[in-house]
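These notes are about the structure you will find just below.
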Protein chains: 2
Amino acid sequence: MNSLTVVKVGGGVLEDSTATHEFLTRFAAIAGSKILVHGGGREATRVQEQLGIPIQMVEGRRVTDAETLKVVTMVYGGLINKQTVARLQTKNCNAIGLCGADAGVIIAKKRPIENIDYGFVGDIEKVDSEIIASLLELELVPVFAPLTLDEKGNILNTNADTIASEVAIAMASLYRVNLVCCFDMPGVLSNPNDVKSVIPTIDPETYLQLKEEGVITDGMIPKLDNFFSAIKRGVSSIVITDANLGAGTRLAKE
Amino acid sequence: MNSLTVVKVGGGVLEDSTATHEFLTRFAAIAGSKILVHGGGREATRVQEQLGIPIQMVEGRRVTDAETLKVVTMVYGGLINKQTVARLQTKNCNAIGLCGADAGVIIAKKRPIENIDYGFVGDIEKVDSEIIASLLELELVPVFAPLTLDEKGNILNTNADTIASEVAIAMASLYRVNLVCCFDMPGVLSNPNDVKSVIPTIDPETYLQLKEEGVITDGMIPKLDNFFSAIKRGVSSIVITDANLGAGTRLAKE
């Protein structure tokens, strides 16, 4: 089984020219098949403000009405995606920019209205691993914007972390998949005040211990729960690091 | 040799919901391999105005400074391209949205500054017919936004008619290519005041006659000159029609 690296990076890293250049150079240097998934919330906020469209966030998620959907389609699918592809092309990385609508590759369902109507926000139902594999076989490097497609032809705003996880899980039937998620810290820290205290490896057993000891708390728990679930669903390893793509913290099956 | 249909449509057709639906239904129904190339100037103008970025047009071409480039990258590469792909997906047409930067498929050169500095505007140097053919072999339908890439990694604003012609010419080494260009009129008219006076076929000989007789004048001459040049460069036939994709006027080699 060939290996595949799926890297998720926040949109912020792709906005600033020095950080962008360094990150993309490192990404381009990753050997073998690879996929990039990017966010873009900050730039979307900026454009939305410039256009005078009110911004409504609930629990960190953007409520996506029809006008906001146009903005994220432009900013994620157009501006950030195509600029990133163009920059990777100069680094000998044959990038191809996609959103979930392209080749119907990521099909989602509009989130049902419960307490909150998130609008045009999608929960992923299916990733077409075959077409992604076909693109990888052409030695292309898919770059995904965080947008998906529903069966009615609506584009849906979809969390980039979730896209990265679901793409990694879907590809695990065909490749040995390593998922690399870039956050603000160089890894999971044993001491939140010391960026050098990165824990090198966490397996399900040590994860339980670290939670019991109170080392891993609050916001990190749902993220890590999701990552360990991705490992159970076939992803070989998950690395939590920052945009420097250092060794970070490796989550292992056992 | 298999046949390939390349259709060029203005962005205006893709903005209005009824016309869009009808055009895309007709496009989706075209049998065999096909490619769509779209414009988007009107929508770009609208977004540019909303963002308060001054618009400068010279001889019908948009002068593209850095801020304008961001707008066209968003509007052409994001909004119109992805909305069109999403709509085609609901019509059993496995569309994949691309700009020239994706897979490095259309390489251009920034137009040299002579009398006018058009800014980030590109003249096409190379179309990668092999990668387009690979995508067609996967039964995908490429949908091109009018953006290209230069060797420095700049995205360049590029005329959609030119992209359609150059893609058609490049693909002619691998396919029997039929280029369909949608304008405002149902074809070349023998009487400009009568939309029913469509001339069914024009070959190079009758083209000369029609120019001599003053039937084809002014703005149509450079367009038709370009089209006959594309036919000389290998495109099998060119149809000039409107968004109804009727029989129109067929330009033939002989």
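Quick note: the coordinates plus some simple rules give every number you see, no bench work behind them. As the structure is a prediction and not an experimental result, all values here were calculated from the model. Counting neighbours? That spans all protein chains shown, and the Cβs are built from the backbone with ideal geometry, glycine included.
Counting only DSSP beta bridges with both residues in the protein assembly as shown, the antiparallel share comes to about 35 percent.
The order of A:Asp194, B:Asp16, B:Asp242, going from fewest to most other C-beta atoms within 10 Å of their C-beta, is A:Asp194, B:Asp16, B:Asp242. Charge dipole (Cα centre; +1 on Lys/Arg Cβ, -1 on Asp/Glu Cβ; no other charges) of the stretch B:186-254 amounts to roughly 280 debye.
Helical runs (DSSP H, four residues minimum) scored at -39500 (n - 2.57) apiece and divided by the length of chain A put the mean residue ellipticity at 222 nm at -9500 deg cm²/dmol. Chain A versus the axis that turns it onto chain B: the residue with the nearest Cβ and the distance in whole Å amount to A:Gly78, 1. The GluC sites (Glu not before Pro) found in the stretch B:167-253 that occupy coil by DSSP, while having at most 12 further C-beta atoms within 10 Å, are B:Glu213. Projecting the Cα atoms of A:Ala95, A:Ile53, A:Asn193 onto the charge dipole of the stretch A:49-193 (Cβ charges, centred on the Cα centre) puts A:Ala95 farthest toward the positive pole. Put one equal scatterer on each alpha carbon of the protein assembly as shown, apply the Debye formula with no solvent term, and list log10 I(q)/I(0) at q = 0.11 1/Å to two decimals. Here the Debye-derived log intensity ratios amount to -0.92.
With a cut-off of 13 Å between beta carbons, the residues surrounding A:Leu98 carry a summed charge of -1, where Lys and Arg count +1 and Asp and Glu -1. Listed by chain and number, the lysines placed with their C-alpha closer than 16 angstrom to that of B:Lys211 are B:Lys223; residues fewer than eight positions away on the same chain are left out.
Can you give me the relative contact order of chain B as a percent, contacts being Cα pairs under 8 Å and 6 or more apart? Walk me through the numbers on the way to the answer.
Working: 502 pairs, mean separation 54.4, N = 254.
Taking the mean separation of contacting Cα pairs over the length of chain B, I get 21 percent.
Counting Cβ atoms of other protein chains within 10 Å of each residue's Cβ and taking the mean over peptide A:143-156 gives 3.
Note on chain A: with a GNM built from Cα contacts shorter than 10 Å, the maximum mean-square fluctuation among A:Val63, A:Val85, A:Val141 falls on A:Val63. Counting neighbouring Cβ atoms within 10 Å and putting the fewest first, the residues B:Ile124, B:Ile132 line up as B:Ile124, B:Ile132.
Cut-off is 10 Å between beta-carbons; in what order do A:Cys99, A:Cys181 appear when sorted fewest neighbours first?
If I rank by nearby Cβ atoms, fewest first, I get A:Cys181, A:Cys99.
Note on chain B: antiparallel DSSP beta bridges, both residues inside, total approximately 35 percent of the bridges counted. Along chain A, the exposed loop sites are trypsin sites (Lys or Arg not before Pro) outside DSSP states H, G, I, E and B with at most 16 other Cβ atoms within 10 Å, and the longest stretch free of them is A:1-90. Taking 32 Å as the cut-off for C-alpha to C-alpha distance, list the pairs among B:Lys91/B:Lys253; B:Lys8/B:Lys253; A:Lys126/B:Lys34; A:Lys34/A:Lys152 that go past it. Flagged as over cut-off: B:Lys91/B:Lys253. Taking every residue in B:64-76 and counting other chain Cβ atoms within 10 Å of its Cβ, the average works out to 3.
Each copy carries B:Leu208; placing its label point 7 Å along the C-beta direction from Cα gives inter-copy distances of 8.9 nm, listed from smallest up. Loop-resident GluC sites (Glu not before Pro) (DSSP state other than H, G, I, E or B) in the stretch B:1-110 with no more than 13 further Cβ atoms inside 10 Å of their Cβ: B:Glu59. Per residue of B:101-109, other chain Cβ atoms within 10 Å of the residue Cβ number 6 on average. Tell me which of A:Leu147, B:Gly219, A:Gly219 sits at the most positive position along the dipole axis of the protein assembly as shown, charges placed on C-beta atoms (Lys, Arg +1; Asp, Glu -1). So the residue furthest toward the plus end is A:Leu147. Report, in debye and to the nearest 20, how large the dipole of the protein assembly as shown comes out about its Cα centre when Lys and Arg carry +1 and Asp and Glu carry -1 on their Cβ. That gives a dipole near 440 debye. Result for chain B in a Gaussian network model with C-alpha springs under 10 Å: among B:Ile199, B:Ile163, B:Ile221, the largest mean-square fluctuation is at B:Ile221.
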